[in-house]
Each structure stands twice: as structure tokens, then as C-alpha cells.
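Since the structure comes first, as C-alpha cells, the remarks are kept for the end.
The values are calculated or read from the model by the stated rules, or taken from the named source; none is laboratory data. All values reported here derive from a predicted model rather than from experimental measurement. Here the Cβ positions follow ideal geometry from the backbone for every residue, glycine too, while neighbour counts run over all protein chains shown.
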Amino acid sequence: MILLDIMLKQIKQIEKTLKIGDKFKITYYPQNANVDIEDHQIQPTTRFGIWNKECLFGTHKKYGYGYIKYFDVERDGIRCATTFYKKAIEILLNNKQYKWKEGK
């Protein structure tokens, strides 16, 4: 319960900071169902994003890992960053680093 409270506090801090139109850099480890994390080195993904009305924070109902839907500037579309691997997502906004880290 304490770990869930810490995670929710981190999410709320990032959520109240991000506003529609904000541009940021996001770093996370991509989810790939075909890769066993024990057998492969998973490389981080860093993208430039924009927060818009389609963006949100969520938790996967079945598996419990967190995710952020964001607008990926390079790919020109909505993408998901998850905490499935490495258990963290980092956002750099206005030269301040925010880290959403699960407590598992």
C-alpha cells in the first residue's frame, strides 16, 4: 500500500506540472513481448513529446504496470511509454527531471 501511495504521488506531481502544449523529452524502456529481459539488454528510448488532450497517465488493468500516452513528435502520433521494463519513465520538462518509478 505504501508503494502504491508513493507511485500515485509521483504521477500526481508530473500530471499537475504537464499542461496542454508543453514540449518535453521522455525516456523509457520499450515493451517488446518477443524479448526476454533476462536474455537481452534492453536499450532506452528517448523521444521528444508534446502533451495534448489525448495524453494521459494510466495503469494496465491486467498486469499492473504504469504507462503514459504522449504525442511523439518524430513519429507524428500518439505513443505509449511503459514502466514494464526497468520500472521507470523519465520526463525532462523546462530543465527539470521528473521520474515516475514503480516501487516493485
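Take T46 and decide whether it is touching a Pro at 6+ places or on another chain (Cβ under 7 Å), under 17 Å from I78 (Cα atoms), at pLDDT 80 or above and not acidic (D, E).
no
Of these, Q97, Q13, which one is modelled with pLDDT of 85 or more and either loosely packed, with under 15 Cβ neighbours inside 10 Å or basic (K, R) (or both)?
The conditions single out Q97.
Pairs needed: first member in the range 43-67, closer than 19 Å to I14 by Cα and touching a residue at least 60 places away in the same chain (Cβ under 8 Å); second member anywhere, of a type in the set (V, I, T) and part of a strand (DSSP E or B); C-beta distance under 6 Å; at least 6 residues apart or different chains.
Matching pairs, first to second residue: none at all.
Listed here are the residues, each with its yes/no results for (1) part of a loop (DSSP other than H, G, I, E, B); (2) at pLDDT below 85; (3) among the hydrophobic types (A, V, I, L, M, F, W, C).
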position: I6; (1), (2), (3): no, yes, yes
position: H40; (1), (2), (3): yes, yes, no
position: Y67; (1), (2), (3): no, no, no
position: L92; (1), (2), (3): no, no, yes
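Please find, within the range 70-88, the residue that is modelled with the lowest pLDDT out of those that are farther than 17 Å from E54 by Cα and among the hydrophobic types (A, V, I, L, M, F, W, C).
For the range 70-88, the residue satisfying everything is F84.
Output the residues belonging to the range 69-80 that are over 17 Å from K12 (Cα atoms) and assigned to a strand (DSSP E or B).
Of everything in the range 69-80, those that are over 17 Å from K12 (Cα atoms) and assigned to a strand (DSSP E or B) turn out to be F71, D72, G77, I78, R79, C80.
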